[in-house]
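Peer 1: Take a look at the following structure, please.
The values are calculated or read from the model by the stated rules, or taken from the named source; none is laboratory data. The model shown is predicted, which means the values in this text are computed figures rather than measured ones. For neighbour counting, all protein chains shown are included, and Cβ atoms are generated from backbone atoms with ideal geometry for every residue, glycine included. When the accessible area is computed, the model is the full protein with side chains, heavy atoms only, and any ligands, DNA or RNA have been set aside. Shrake-Rupley method; radii C 1.70, N 1.55, O 1.52, S 1.80 Å.
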Amino acid sequence: QTKIALVVKSLGNGFFDAANKGAQEAAKELGDVEVIYTGPTTATAEGQIEIINSLIAQNVNAIAISANDPDALVPALKKAMERGITVISWDSGVAPEGRSVHLNPSDTNLIGETIIKLAADYLPDGGDVAILSASSTATNQNAWIEAAKKVLPEKFPKINLVATVYGDDDSVKSTNEAKGLIASYPNLKAIIAPTTVGVVAAAQVVTDDNLIGKINVTGLALPSEFKQFIDNGASQAVALWNPIDLGYSAVQIAYQLATKKAEAKPGATISIGRVGSITLDDTNSAAMAAPFQFDKSNIEEFSKIY
Amino acid sequence: MNDQTPATRHVPDRLDNPLRSALFSWPSLLLVVAVAIFVANSLASPYFLSPWSLSDATFNFTEKALIALAMALLIISGEIDLSVAAIIALASTAMGFALQFGIDTPGLVAIGIGTGLLCGAFNGFLVTRLGLPSIVVTIGTMSLFRGISFIVLGDQAYKGYPESFAFFGQGYVWWVVSFEFVLFLAAAAIYYVVLHRTSFGRRIFVIGNNATAAQFSGVRVERVKFVLFCLTGLMAGIASVLLTSRLGSTRPSIAQGWELEVITMVVLGGVSILGGAGSIVGVVIAAFIMGLVTFGLGLLNVPGIVMSIFIGLLLIVVIALPIVYRMVRK
Amino acid sequence: MTQTLSTLAPLRLLKLREFWLAISIAVMIGAIATRAPSFAAPANLADIFNNTAILMILALGQMVVILTRSIDLSIAANVALSGMVIALCNASMPWIPVPLLILAAPLLGLALGAINGFLVWKLDIPAIVVTLGTLTIYRGTTFLVAGGQWVNAAEMTPDFISITRIQLLGLPLLSWFAVVIAAAFYVVMTRTPIGRSIYAIGVNPTASVYAGIDVGRTKFIAFCISGLVAGLCGYLWVSRYVIASSETAVGYELQVIAACVIGGVSIAGGVGTVGSALLGALFLGVINSALPVIGVSPFWQMAISGAAIILAVVLNARAGRKTGRIILKRAEAVS
Amino acid sequence: MSQPKLTLAGVTKSFPGVRALHEVSLELYPGQVTALIGENGAGKSTLVKVLTGIYQPDAGEIVLDGKPVSLGSAHKAFELGITAIHQETVLFDDLSVAENIYLGHAPKTRLGTIDWTLMRANARRVLADMGAGHIDAETRLRDLSIANKHLVAVARAMSIDAEVVIMDEPTAALSHKEIEDLFVLIELLKEDGKAVLFISHKFDEIYRIADRFAVFRDGEMIGKGLIGETPQNDIIRMMVGRSVDHIFPERAPAIGDTVLKLDGLSHPTEFDDIGFELRRGEILGFYGLVGAGRSEVMQAIFGLTRTSRGAMTLDGAPFAPHSPADAIEAGIVYVPEERGKQGVVVDLPIVQNVSLPSLKKTSRQGFLRMAEEFALTRKYTERLDLRAASLSQNAGTLSGGNQQKVVIAKWLATQPKVIILDEPTKGIDIGSKAAVHAFMAELVAEGLAVIMVSSELPEVMGMSDRIVVMRAGRIDAVLDNKNLTADGLVKRAIGAHEVAA
Ligand SMILES: Nc1ncnc2c1ncn2[C@@H]1O[C@H](COP(=O)(O)OP(=O)(O)OP(=O)(O)O)[C@@H](O)[C@H]1O
Ligand SMILES: Nc1ncnc2c1ncn2[C@@H]1O[C@H](COP(=O)(O)OP(=O)(O)OP(=O)(O)O)[C@@H](O)[C@H]1O
Ligand SMILES: [Mg+2]
Ligand SMILES: [Mg+2]
């Protein structure tokens, strides 16, 4: 039996629960696989390290991790690899020396562009926008924001990014930061929250403060959690990839590597069951599909799935 | 004097049997608990009883336990330091900052420990010189120290520590015996001697029991307390070196919430939170207990937050046990 | 009223301290307004008040416990657990009327507070140890009852979320909760035997025994009070932030204690008033809302509030410093 | 004879390891003062606590007005009309005077809330009734002088319309003037027909105020009777089981050179221009009213209080201690007034208490040597005839007198030059008192210099070679202890002589 640990940033987060669904699906499909779904309660690197230590002791075959910190986890994951455990990262990556493969939910640049585009689409005349991110150490968010900033001047010259703040994926902090943004930038037209926790908090603030129509909240959101804000108009549209597919793919890849059915090297192609296959780039990372956009027309349907 | 007074009577040194009282002491109770948990763990998980597992298990608590040693002394003296976790963050930031200027391993270690010492001295200054309650002061410095890390680092991280620096948090001295663990055992031995075998240790107990009487007896209360705050800062600095080395990087958010875990360790070890009583042996056993419980449950993939229920229950039950026993017997 | 105040609040000094705290909050708001005029607008001030409402209520509960020379570290965990249970009830049984849930929340909190109080009272374990233990137990239980899931906005009924947002005389209901509770605390702490007993056992536990006060029972009641408001805040929190998770209000207990301390509630017990706890909370609330507005980097926030706490403690200690017995002056006054 | 107001029969109360009361019976009569007499630890205060509902007796019966009652709590006791002024001051520093008087039985409004207006009015009335109208009911207790605090304690007892009034060593902390006031009040209570239980170690007071007496020894009632029919010696014999002639020890003072000299020592608020010389082999008595600032001066000499002006010399060399540690090193030690708080560490063994200031001597390079500590402790406690089960016993389990011996032993072990004793016999029974006095005589005979602060006139006059009288933070006079009258000293202490002269 192959034991694959799906380590997430923190337990309880709807996004990761959905990913776990996909992971279990993959396990069933593969047959002889046991998926251990685990993670710390608070999104910290130390919490994940303790978990990695106990996974090493349990002799799991593979660890698929969405990292809270790209660097701090490296020593622990290196130790795991030395003890013969296959390590991949997914969603939020680990520095290359700490994993064999990294699975991006989507292309980083594409996400960066998408989150800006989501705001720009509804701002024909341009205006001030601000970003409300997760924790300041989240690898994936930082990469997306970086990419977004890069495309701004050329593709969206009228959009003016006034601030980036961090809500730490904590509803209270996110709420306060959103309020702070609204208070400090009276001309704010949109809040972009590329995190499922932050986007809900921001939309709630906009709803509470009667700013629907004045400020558009957008970013990455789980349809099931976010439906009401599309319905009430606090948000026009949000995007996300399919977390179920992401979890499914992570387990598939981990399984292929752990059972030596595939090898992690630049250029290699790994098949991932019903999702298709991915090809590794020269940092051994690969990206899945483009983010999918949700708006009034389709949110109803997707909110029933994840 | 009065001639009817009977001849001076002999007052014996002690009436109780030291062996017997040691047998019924807090550390023995803890030891029983520790052994029980050890046995339970080995029954519950087939992976537990392997040398590498046990060695890995020690990493989960040695850094906290190092701080707990000094914290025990501080709490016995009637003070407390809630800023230790923030000191770890600040000391780590200082090391990362120094790293940017190409300072090598010995220098980094010195800076980490030195920063811890300075932070401890700052706490000590506020508490002893300005006469402020330590629990309040250290709630403030807890935000201040970590806040400074955030100011310096923001959303950035320091990484790229030299290879040789990795030894402190990841190195092994002999086979499965890690450097961290050896350091902890050595520190525990030193703290044991300091607290129980020196006049400095005696003064700590006296201060914790009655600081006024201690002062009236010529104990330099403020100075002793200041030294204890410095020691606690120093140990937090050492823990910071170990943790930074183990993580190989610095973020301002490291070691979040450790202060309560350290204090739990100390209290579980039988140190009276009101001051004046406690032992290093108890604290060491308590550290092992907490390490064993978390690692054992980790092997069963129990989420950390559920483990904390066990720790919380353990704390209350172990402390309540002797009290309930006494009540029932009466 | 004013006359009563002068004796009620045992310390004239303390009143002076509250006065200065109020002044410094006003000065702070004024100073910020020079950089961001909209900050001092009534609507924004009302907003800050609303933002601080939960902290104020919790600070009142914590104050009562601190007055008895105890401390309640589990107060935030209590918020999380009560909030989670109420949210789960709402999510799984949407037909239960929301007012009933609002009533149930404080009762749940009360039960949790009573556990703390009972352990402190009957087993005589120091409060800091008891609540350090229950802090982790309550938080872990929050995780367990929800099966590790969060309860999010989509799962809660609209009423559940919107009641605290109903505007009444220009303030949301959440703010009115704080107003009513503050008034209730004022009456209880100054006008009822139990309120006075709480002060008395903090000032001098031995003397309280001689005055016929059951010290253990009074502490028990103090913990029940703090649990009661924590439970209510559990609902308020969930309704305000429309999410219930095991991480709700994590680490918030220290904020609450800091609010008390800034207000001048003495950690040694017996000293502190309703006004002081409220002002302390408001002080923190204003700082937290002001920093983003005046463009201070969010990374400075923590250090600034830490420095504010230390400063407040130093100033409070200065103000409260014993002046000695002043034998010489007294002698002159007599002759 | 009238019926007893209150009767105790077979009351027993034990603490772990101690039988504090054993089958005690006692009657209190209306309109009479009954004095309760016994050595330290005889169980007097325990009895008071049983009568006021703070302790529950293990066995026995309490009968009030012929009906058996149960005193389940302090509240119950004062509802039944039993009130007490306890041995320790048990008041609330941070609450107002009015609330101190009425806490626990405050008047209520119709709504059940506390009626502050009425409470203050009542408090003013009670204070005025007992002649303490100068105390403002609204001030914080912290701001009152110690004597006034004591009056508040009395007012609290009086605020309950009690039939039984108990006073546990009410005079121990008071000086002459306040004691006189208190006695007037007791006379008033008697006239009102209250039953009064009065506890004191001072026989002059007992013979002045009491009608009856009861003697306790080791928790048992040994004897009772009418004071007027029983000579003091008989009572003492009942009390200690032998006779104690408390005569102050005869000494042949051999006064040597000046050891300690103070010159114009001042403190910004507490004392001013203090100057005197202390010589080897001398007992220098300090007399004054409570709150005259004597302890403050002593604490300045001991390095506890910062001074603003003036200088000290020790053996001719300048001496400016910054902490007690400095003073002890220089050879000056201080036996503080508040034994429990400042003297002994109650939860530590006797041996650790005694060796504390001598740790440098008993340890080697900072490492403890228990054998040395025991040897040192044994040497000095045996010399003081300490009564204890073992040297590892916690100091808190000793009786008051024996605790005082531990403190003195601790200081003797440092082999000091000057020993300052602040109220060395306060609250100590007559047997131990004689021992302390004899011991002081021995000390000076060995060439030590002793400063003795005392509010007890007989003690000051019986022991001192010279007497310093302090009043309101200043030295009034330094007198040779020859041909002094008690009256003259009291007048100096209260400042009456200046008016008279
Ligand atoms: N709470 C207690 N726990 C244990 N022992 C106690 C307690 N209270 C009193 N005792 C013991 O009971 C005995 C009687 O004490 P008590 O205070 O009644 O003496 P006392 O006659 O008032 O003495 P003194 O003249 O010194 O005031 C003493 O041996 C004392 O140590
Ligand atoms: N206002 C007060 N409040 C509290 N305690 C007081 C007050 N005044 C005096 N005392 C206490 O009474 C005792 C005597 O005061 P102080 O030392 O100043 O005068 P003293 O002349 O030395 O009196 P004593 O003869 O009792 O030593 C001390 O223990 C002091 O703490
Ligand atoms: Mg007594
Ligand atoms: Mg004095």
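Peer 1: Hey, can you tell me all the residues within the range A:216-237 that are open to solvent by less than 10 Å² (accessible area, probe 1.4 Å) and either more than 30 Å from A:Lys28 (Cβ to Cβ) or in a helix (DSSP H, G or I) (or both)? Walk me through how you get there before you give the answer.
Peer 2: Of all residues in the range A:216-237, those open to solvent by less than 10 Å² (accessible area, probe 1.4 Å) come to A:217-223, A:226, A:229-230, A:234-235, A:237.
Residues satisfying the conditions are A:Val217, A:Thr218, A:Gly219, A:Pro223, A:Phe226, A:Phe229, A:Ile230, A:Ala234, A:Ser235, A:Ala237.
Peer 1: Quickly run through the range D:305-315 and pick out the residues that are assigned to a loop (DSSP other than H, G, I, E, B) and at pLDDT 90 or above. Steps first, please.
Peer 2: Initial filter on the range D:305-315 (assigned to a loop (DSSP other than H, G, I, E, B)): D:305-308, D:315.
Residue satisfying the conditions is D:Asp315 alone.
Peer 1: Quick one: in the range A:135-152, of everything that is in contact (Cβ under 8 Å) with a residue 60 or more places away in the chain and open to solvent by less than 20 Å² (accessible area, probe 1.4 Å), which residue is farthest from A:Gly219 (Cα to Cα)?
Peer 2: To start, the set of residues in the range A:135-152 that are in contact (Cβ under 8 Å) with a residue 60 or more places away in the chain comprises A:135, A:137-139.
After this cut, where a residue has to be open to solvent by less than 20 Å² (accessible area, probe 1.4 Å) as well, the list is A:137-138.
Working: A:Thr137: 18, A:Ala138: 16 Å.
The residue in question is A:Thr137.
Peer 1: How many residues does the range D:425-454 hold that are small (Gly, Ala, Ser), open to solvent by less than 20 Å² (accessible area, probe 1.4 Å), closer than 22 Å to D:Phe203 by Cβ and outside any helix (DSSP H, G or I)?
Peer 2: 1
Peer 1: Right, something else. All but one of (1) part of a helix (DSSP H, G or I); (2) under 30 Å from C:Ile66 (Cα atoms) hold for C:Asp124; state the number of the condition that does not hold.
Peer 2: Single failed check for C:Asp124: (1).
Peer 1: Which pairs have Cβ atoms under 6 Å, sit 6 or more apart or on different chains, and link a residue in the range D:44-60 that is more than 15 Å from D:Leu26 (Cα to Cα) to one that is open to solvent by 20 Å² or more (accessible area, probe 1.4 Å) and within 16 Å of ligand 2 (Cβ to nearest atom)?
Peer 2: Qualifying pairs under 6 Å: none.
Peer 1: Considering only residues that are in a loop (DSSP other than H, G, I, E, B) and open to solvent by less than 40 Å² (accessible area, probe 1.4 Å), look in the range D:287-303 and name the one that is farthest from ligand 4 (Cβ to nearest atom). Talk me through it step by step, then tell me what you get.
Peer 2: First, the residues of the range D:287-303 that are in a loop (DSSP other than H, G, I, E, B): D:289-293, D:302-303.
Filter again for open to solvent by less than 40 Å² (accessible area, probe 1.4 Å), leaving D:289, D:291-293, D:302-303.
On the way: D:Leu289: 10, D:Gly291: 8, D:Ala292: 8, D:Gly293: 8, D:Phe302: 12, D:Gly303: 17 Å.
Ranking the qualifying residues of the range D:287-303, first place goes to D:Gly303.
Peer 1: A:Lys79 passes all but one of (1) surrounded by fewer than 24 Cβ atoms within 10 Å (Cβ to Cβ); (2) closer than 27 Å to A:Ser271 by Cβ; (3) at the interface with chain B (Cβ under 9 Å from one of its Cβ atoms); which number fails?
Peer 2: The single condition A:Lys79 does not satisfy is (2).
Peer 1: Something else: Please list, ordered by first then second residue, the pairs with beta carbon atoms under 7 Å, 6 or more apart or interchain, first in the range D:286-300 and within 14 Å of D:Val418 (Cβ to Cβ), second modelled with pLDDT of 90 or more and within 8 Å of ligand 4 (Cβ to nearest atom).
Peer 2: D:Phe286/D:Arg294; D:Phe286/D:Val453; D:Met298/D:Asp422; D:Met298/D:Val453
Peer 1: Would you be able to tell me the number of residues in the range D:243-286 that are surrounded by fewer than 15 Cβ atoms within 10 Å (Cβ to Cβ) and among the polar types (S, T, N, Q)?
Peer 2: The total comes to 1.
Peer 1: Which numbered condition in (1) at pLDDT 90 or above; (2) open to solvent by 20 Å² or more (accessible area, probe 1.4 Å) is the only one that A:Lys261 fails?
Peer 2: (1)
Peer 1: Let me ask something additional. Every residue in the range D:317-358 that is in a helix (DSSP H, G or I) and modelled with pLDDT under 90, please.
Peer 2: First, the residues of the range D:317-358 that are in a helix (DSSP H, G or I): D:324-330, D:339-343, D:350-358.
Result: D:Arg339, D:Gly340, D:Lys341, D:Gln342, D:Gly343.
Peer 1: May I ask you to list the residues in the range D:353-381 that are more than 7 Å from chain B (Cβ to nearest Cβ), more than 28 Å from D:Pro318 (Cα to Cα) and surrounded by fewer than 24 Cβ atoms within 10 Å (Cβ to Cβ)?
Peer 2: D:Thr362, D:Arg364, D:Gln365, D:Arg369, D:Met370, D:Ala371, D:Glu372, D:Ala375, D:Leu376, D:Arg378, D:Lys379, D:Tyr380
Peer 1: Can you name the number of the only condition in (1) farther than 22 Å from B:Val194 by Cβ; (2) of a type outside the set (A, V, I, L, M); (3) modelled with pLDDT of 90 or more; (4) open to solvent by 30 Å² or more (accessible area, probe 1.4 Å) that B:Gly257 fails?
Peer 2: Here B:Gly257 meets the rest and fails (3).
Peer 1: Do you know which residues across the range B:300-324 are of a type outside the set (A, V, I, L, M) and modelled with pLDDT of 85 or more? Before you say what the answer is, go through the steps one by one.
Peer 2: First pass over the range B:300-324, keeping only residues of a type outside the set (A, V, I, L, M): B:301, B:303-304, B:308, B:310, B:312, B:322.
Listed by number, the residues that qualify are B:Asn301, B:Pro303, B:Ser308, B:Phe310, B:Gly312.
Peer 1: Considering only the range A:82-92, how many residues are in contact (Cβ under 8 Å) with a residue 60 or more places away in the chain and either at the interface with another protein chain (Cβ under 8 Å from one of its Cβ atoms) or touching a Leu at 6+ places or on another chain (Cβ under 7 Å) (or both)?
Peer 2: Residues in the range A:82-92 being in contact (Cβ under 8 Å) with a residue 60 or more places away in the chain and either at the interface with another protein chain (Cβ under 8 Å from one of its Cβ atoms) or touching a Leu at 6+ places or on another chain (Cβ under 7 Å) (or both): 4 in total.
Peer 1: If you don't mind, there's one more thing I want to ask. Looking for whichever is buried (at least 21 other Cβ atoms within 10 Å of the Cβ) and away from chain C (no Cβ under 14 Å) here; the options are A:Ala250, A:Ala290. Which one fits? Even if it seems obvious, please write down each step before you answer.
Peer 2: On the way: A:Ala290 fails: buried (at least 21 other Cβ atoms within 10 Å of the Cβ).
Unique residue meeting the criteria: A:Ala250.
Peer 1: State whether the residues of the range A:206-213 include one that is open to solvent by 10 Å² or more (accessible area, probe 1.4 Å), among the small types (Gly, Ala, Ser) and at the interface with chain C (Cβ under 10 Å from one of its Cβ atoms).
Peer 2: Looking only at the range A:206-213, we keep the residues that are open to solvent by 10 Å² or more (accessible area, probe 1.4 Å), and these are A:207-213.
Among the residues that remain, those that are also among the small types (Gly, Ala, Ser) are: A:213.
Remaining after also requiring at the interface with chain C (Cβ under 10 Å from one of its Cβ atoms): none.
No, the range A:206-213 has no match at all.
Peer 1: Residues in the range D:459-480 that are surrounded by fewer than 18 Cβ atoms within 10 Å (Cβ to Cβ), closer than 24 Å to D:Ile247 by Cβ and touching a residue at least 40 places away in the same chain (Cβ under 8 Å): how many?
Peer 2: So the count comes out to 1.
Peer 1: Check whether at least one residue in the range A:259-267 is in contact (Cβ under 8 Å) with a residue 40 or more places away in the chain, under 30 Å from C:Thr52 (Cα atoms) and β-branched (Val, Ile, Thr), and report yes or no.
Peer 2: To start, the set of residues in the range A:259-267 that are in contact (Cβ under 8 Å) with a residue 40 or more places away in the chain comprises A:259, A:264.
Keeping just the survivors that are under 30 Å from C:Thr52 (Cα atoms) gives none.
Scanning the range A:259-267 turns up no residue that is in contact (Cβ under 8 Å) with a residue 40 or more places away in the chain, under 30 Å from C:Thr52 (Cα atoms) and β-branched (Val, Ile, Thr).
Peer 1: Also: For the structure I just gave you, tell me whether D:Val215 is open to solvent by less than 20 Å² (accessible area, probe 1.4 Å), closer than 29 Å to D:Arg339 by Cβ, more than 16 Å from ligand 3 (Cβ to nearest atom) and over 17 Å from the mean Cα position of the chain (by Cα).
Peer 2: Numbers: open to solvent by less than 20 Å² (accessible area, probe 1.4 Å): yes; closer than 29 Å to D:Arg339 by Cβ: yes; more than 16 Å from ligand 3 (Cβ to nearest atom): no; over 17 Å from the mean Cα position of the chain (by Cα): yes.
No.
Peer 1: Hey, can you tell me all the residues within the range D:163-186 that are part of a loop (DSSP other than H, G, I, E, B), more than 16 Å from ligand 1 (Cβ to nearest atom) and either modelled with pLDDT of 80 or more or open to solvent by 20 Å² or more (accessible area, probe 1.4 Å) (or both)?
Peer 2: Within the range D:163-186, D:Glu163 is the sole residue that qualifies.
Peer 1: Sort out which residues of the range D:410-424 are within 16 Å of ligand 4 (Cβ to nearest atom) and part of a loop (DSSP other than H, G, I, E, B), and write them in order of number.
Peer 2: If the condition is that a residue be within 16 Å of ligand 4 (Cβ to nearest atom) and part of a loop (DSSP other than H, G, I, E, B), then D:Glu423, D:Pro424 are the ones that fit.
Peer 1: A further question on this structure: May I ask you to verify whether B:Thr264 is among the hydroxyl-bearing types (Ser, Thr, Tyr), within 12 Å of another protein chain (Cβ to nearest Cβ) and under 12 Å from the mean Cα position of the chain (by Cα)?
Peer 2: Values: among the hydroxyl-bearing types (Ser, Thr, Tyr): yes; within 12 Å of another protein chain (Cβ to nearest Cβ): yes; under 12 Å from the mean Cα position of the chain (by Cα): yes.
In short, yes.
Peer 1: Those residues that are within 14 Å of chain B (Cβ to nearest Cβ) and either outside any loop (DSSP other than H, G, I, E, B) or within 29 Å of D:Leu111 (Cα to Cα) (or both), I need them from the range C:139-195; list them, please. Don't jump to the end; show me each part of the working.
Peer 2: Going residue by residue through the range C:139-195, those that are within 14 Å of chain B (Cβ to nearest Cβ) are C:139-150.
Scanning the range C:139-195 gives C:Arg139, C:Gly140, C:Thr141, C:Thr142, C:Phe143, C:Leu144, C:Val145.
Peer 1: In the range D:403-451, which residues are within 14 Å of chain B (Cβ to nearest Cβ), without any contact (Cβ under 8 Å) to a residue 60 or more places away in the chain and either of a type in the set (D, E, K, R) or within 16 Å of ligand 3 (Cβ to nearest atom) (or both)?
Peer 2: Scanning the range D:403-451 gives D:Lys405, D:Lys410, D:Glu442.
Peer 1: Further, regarding this structure: Just need a number here: residues in the range A:66-100 that are touching a helix residue (DSSP H, G or I) at 6+ places or on another chain (Cβ under 7 Å) and not in a loop (DSSP other than H, G, I, E, B).
Peer 2: Counting residues in the range A:66-100 that are touching a helix residue (DSSP H, G or I) at 6+ places or on another chain (Cβ under 7 Å) and not in a loop (DSSP other than H, G, I, E, B) gives 13.
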